[in-house]
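Enquirer: Would you mind keeping the following structure in view while I ask a few things?
The values are calculated or read from the model by the stated rules, or taken from the named source; none is laboratory data. In this text, all values refer to a predicted model and were calculated from it rather than measured experimentally. Neighbour counts run over all protein chains shown; Cβ positions are idealised from the backbone, glycine included. Accessible surface areas use protein heavy atoms only, side chains included; no ligands, DNA or RNA. Shrake-Rupley method; radii C 1.70, N 1.55, O 1.52, S 1.80 Å.
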Amino acid sequence: MKTGRSPLRFLPALLALAVPMLSLAAEPPPVGGLLGGAKNAGQTAYLEALARQGSAPVPGIPEAILLWPNGAPGAKPDANGAFTDEDKPAIYAFPAPANNNTGAAFLILPGGGFTNRVIDTEGIQIAKFLNRHGIGGFVLRYRIGATYPDRATSTLDAQRGMRFIRAHAAEYKVAADRIGAIGFSAGGELETNAFYNSILEGDPAAADPLDRFTTRANFGVLIYGGRAPIQNPASAPPTFFFATLEDTGGSGAELPIFNALRQAGIPTEAHFFQVGPHGTTMSPGDPQLGQWPELVIKWLKSGRFLTAK
């Protein structure tokens, strides 16, 4: 009978290896938000998009349409007397597909702290999402940065953008009474400046054809942004709110607006989630924060903004 060394001799070493592995497996996975650890999944996509800003153009962006083809009021040339794209407010038009066009449209105001514009995830991707639901998306390139620190300049650009959509409503198959605004972060502040606190009615006798149209938004969506106080809540459009309570900048701006509109009897719907950082954009893949885009669509349907009235 052969004798050999028992395989049991390896047991102590195997156990020594297994104990650390079991210990690692027993640790709970990181939890985002207020509990620490990794943030929501959408934040990763947001940070990657920020890293792309200033690099190659995002595929699928149409040619910019200048809002003042002959030069914007207050535009400031550089030291060589030249004007760049940053001095030329413009619209990137994403009309709704003909096969499912609801007639509704949004002027889209990307955020960026008035120092940059998150044109991809808070602009182009929003327009494409709206298009999938039969809604036109018109992304605004408004003036920002040290050259244009006065918020009145960006407000003027936003109001001009709204007038542009109305003036070209027939061309883009848009219902002139179903045009809203959606703003993200600083874009939300711009939205409330332009369409809540300083609404301009059209002048039928204006020499500039666009000035004959109202800047009034028929509905508004504020995504982790806004500006309080609202000067005349009773004249505000029906409004949808999304922010997180962890993001004190977003919810801190939106809550006073929400309360003011409610007290004035303006139709509102708000979704303030507990956990989530600022700038989550559409939060792709996040089961909690990723709900808000579809919630906007449901709200638009319940308010009959996607059907002729």
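Enquirer: Over segment 234-282, calculate the relative contact order: mean separation of alpha carbon pairs under 8 Å at least 6 apart, over the residue count, as a percent. Could you put the intermediate results ahead of the total?
Expert: On the way: 65 pairs, mean separation 25.2, N = 49.
After rounding, I find 51 percent.
Enquirer: Then there's this: Largest first and to the nearest Å, give the Cα extent of segment 162-225 along each principal axis.
Expert: 37, 25, 14
Enquirer: Give the relative contact order (percent, whole number) for segment 165-306; include only Cα pairs under 8 Å separated by 6+ residues. Can you show the working numbers first?
Expert: Values: 251 pairs, mean separation 27.7, N = 142.
Computed value for segment 165-306: 19 percent relative contact order.
Enquirer: Once Lys and Arg get +1 and Asp and Glu get -1 on their Cβ, which of Gly250, Gly183, Asn218 lies farthest toward the positive end of the dipole of segment 159-284?
Expert: About the Cα centre, the residue reaching furthest to the positive side is Asn218.
Enquirer: Explain nothing, just the number: relative contact order of segment 105-242, from Cα pairs under 8 Å at least 6 residues apart, as a whole percent. Could you put the intermediate results ahead of the total?
Expert: Working: 266 pairs, mean separation 34.7, N = 138.
It rounds to 25 percent for segment 105-242.
Enquirer: Then there's this: Name the chymotrypsin sites (Phe, Trp or Tyr not before Pro) in segment 225-309 that are in a loop by DSSP and that have at most 11 other C-beta atoms within 10 Å, would you? Kindly include the intermediate steps, with their values, before the conclusion.
Expert: Working: sites: Phe240, Phe241, Phe242, Phe258, Phe272, Phe273, Trp299, Phe305; in loops: Phe305.
Filter output for segment 225-309: empty list.
Enquirer: Please work out the FRET efficiency for the pair Lys173 and Leu66, using the Cβ-Cβ distance as r and a Förster radius of 22 Å; give the result to the nearest 0.05. Walk me through the numbers before you get to the answer.
Expert: Details: r = 22 Å, r/R0 = 1.00.
The pair Lys173/Leu66 has a calculated efficiency of 0.50.
Enquirer: While we're looking at this one, here's another question. Compute the whole-percent fraction of alpha carbon pairs in segment 204-309 spaced more than 17 Å apart. Spell out each step's value before the answer.
Expert: On the way: 3247 of 5565 pairs.
For segment 204-309, the fraction of Cα-Cα distances above 17 Å is 58 percent.
Enquirer: Ok, one more. Excluding ligands and nucleic acids, what accessible area in Å² is computed for Tyr196 using a 1.4 Å probe, to the nearest 10?
Expert: 10 Å²
Enquirer: Just subtract the alpha-carbon distance of Thr115 and Asn100 from 0.36 nm times their residue separation and send over the number in nm, one decimal. Could you put the intermediate results ahead of the total?
Expert: Details: separation 15, 0.36 × 15 = 5.40 nm, distance 3.62 nm.
Difference between extended and current length: 1.8 nm.
Enquirer: Ordering Met282, Met162 by how much accessible area each has at a 1.4 Å probe, largest first, what is the list? Can you show the working numbers first?
Expert: Numbers: Met282 40, Met162 0 Å².
Order by accessible area, largest first: Met282, Met162.
Enquirer: For the pair Gln231 and Asp208, what calculated FRET efficiency results from E = 1/(1 + (r/R0)^6), where r is the Cβ-Cβ distance and R0 = 25 Å, to the nearest 0.05?
Expert: Numbers: r = 26 Å, r/R0 = 1.04.
Efficiency, rounded to the nearest 0.05: 0.45.
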